[in-house]
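These notes are about the structure you will find just below.
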Amino acid sequence: MLKAILLSIVFPSVLAAQTGKLDIWWVDVEGGAATLIVTPTGESFLIDTGNPGERDAARIFDVATRQAGLRKIDALFTTHYHGDHVGGAPALSKLIPITKYYDHGDSVEPEGSGGKPWIAYKSVAAGNRSPVKPGQVIQLREVKLDVVSSAGKVLSKPINGGGPNPFCDGAIQKDIDKSENGQSAGLLLTYGKFKFFDIGDLTWDREMMLACPVNKVGAVTLLQATHHGFFNDASGAPALYNALKPVVVVVNNAPKKGLQPSAYELISKLPGVEGVWQLHEAVDSDKAHNTAEQKIANPGSEDQGHWVKATVAKDGSFTLTNSRNQFSETYQSR
């Protein structure tokens, strides 16, 4: 009798896990970053928390509770300590419990632009922090997260079928970045055939370390464009992104931050790319250097707060949806 009762309890949860989908939301934090991942079994993993203050925390909370139905965030993964990536953590922690905190270790800018946000984050995360290292694996149920960069270091060996990279021939090198951007912790998420790549604001010099002479990441399905769309050419080494061959690129830019014309040219012409989605219209660029209007969550310069969502099925198919107009498009993992 007890066995029958246990089976009646366990089986529905197993069934839900088998028929569930992976969801990824890009919350509009106006040029910061906040990417919420909810696994098929309901585990939640948030990458970055946007800017200081109440607005971005409230937007993340709204998506987490109203859209994802969460009562807590199982883990917060902070790429680095600039305010547009970690600033919302204190306010968010007052709105919803956060169980665990991952980061790259201590700030390299304790007195600079990463200073105050770092101090505030350190206070909130005290006792629950776990610095990560390249090569480390964070294993969730059905979803694997490979740490590819952290604290200025990158993977020592290729993963995900990576190998010799023909795009390294004649590739441009840049000086080592000594800011928090270059310290960014980054991840490759794997769910079956689907691969999602997010490396925060990692800089050109570290991108080249991931790319040359060997592509250490392999091919990906969905790319979150680094540094809000290769902001000011500090990121966006073509040798890496050409080798990644993403099916779709999501750009978490702001109206006047990220996605300059040269960045859009690179993104839109990546080998095999089928779709480009933007959190904002790049208002300083013309239509030729923005994606199609229906794939822009927030057109113009207004602060509207619309999000983009990816829903990923177990067979590798995935659908992106624009919350502003409910436009959606479905793609297939290669």
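Before moving on, here are some points about what is shown:
- If you go through the stretch 93-115 and pick out every residue that is in contact (Cβ under 8 Å) with a residue 40 or more places away in the chain and farther than 30 Å from Arg71 by Cβ, you end up with 6.
- Tally of residues being among the β-branched types (Val, Ile, Thr) and in contact (Cβ under 8 Å) with a residue 60 or more places away in the chain across the stretch 34-71: 6
- Extreme residue, surrounded by the most Cβ atoms within 10 Å (Cβ to Cβ), among residues of the stretch 162-181 that are within 16 Å of Asp84 (Cβ to Cβ) and either free of Cβ contacts under 8 Å to residues at least 40 places away in the same chain or among the polar types (S, T, N, Q) (or both): Asn181
- The set of residues from the stretch 234-244 being closer than 12 Å to Lys269 by Cβ and either without any contact (Cβ under 8 Å) to a residue 12 or more places away in the chain or in contact with a strand residue (DSSP E or B) (Cβ under 9 Å, 6 or more places away or on another chain) (or both) comprises just one member, Tyr241.
- Residue within the stretch 120-127 that is more than 18 Å from the chain's Cα centre (by Cα) and within 26 Å of Glu207 (Cβ to Cβ) present: yes
- Close pairs (7 angstrom Cβ cut-off, 6 or more residues apart or separate chains): in contact (Cβ under 8 Å) with a residue 40 or more places away in the chain and more than 16 Å from Leu46 (Cα to Cα) in the stretch 134-148, of a type outside the set (A, V, I, L, M, F, W, C) and surrounded by 19 or more Cβ atoms within 10 Å (Cβ to Cβ) anywhere: Glu142/Thr39; Glu142/Pro40; Glu142/Tyr191; Val148/Pro134; Val148/Gly186
- Evaluation of Tyr101 against (1) over 23 Å from the mean Cα position of the chain (by Cα); (2) closer than 17 Å to His80 by Cβ; (3) buried (at least 18 other Cβ atoms within 10 Å of the Cβ) (one fails), failing number: (1)
- Test for Ser149: is it crowded, with 19+ Cβ neighbours inside 10 Å, outside any loop (DSSP other than H, G, I, E, B) and not charged (D, E, K, R): yes
- Residues satisfying the stated conditions in the stretch 185-231, i.e. within 19 Å of Pro164 (Cα to Cα) and of a type in the set (Lys, Arg): Arg206, Lys216
- Matching entry among Ala254, Ala263 (being in contact with a Leu (Cβ under 8 Å, 6 or more places away or on another chain) and aliphatic (A, V, I, L, M)): Ala254
- Criterion (farther than 18 Å from Gly32 by Cα, touching a residue at least 12 places away in the same chain (Cβ under 8 Å) and surrounded by 15 or more Cβ atoms within 10 Å (Cβ to Cβ)) met by exactly one of Phe318, Phe231: Phe318
- Test: residue in the stretch 17-24 that is part of a strand (DSSP E or B), of a type in the set (D, E, K, R) and at pLDDT 95 or above: yes
- Residues located in the stretch 192-227, provided they are under 25 Å from Ser317 (Cβ atoms) and surrounded by fewer than 24 Cβ atoms within 10 Å (Cβ to Cβ): Gly192, Lys193, Gly218, Ala219
- Filter result for Leu266 (among the aliphatic types (A, V, I, L, M), over 18 Å from Ala297 (Cα atoms) and touching a residue at least 40 places away in the same chain (Cβ under 8 Å)): no
The values are calculated or read from the model by the stated rules, or taken from the named source; none is laboratory data. Keep in mind it's a predicted model, so treat the numbers as computed, not measured. Cβ coordinates were reconstructed from backbone atoms using ideal geometry, including for glycine residues, and neighbour counts include every protein chain displayed.
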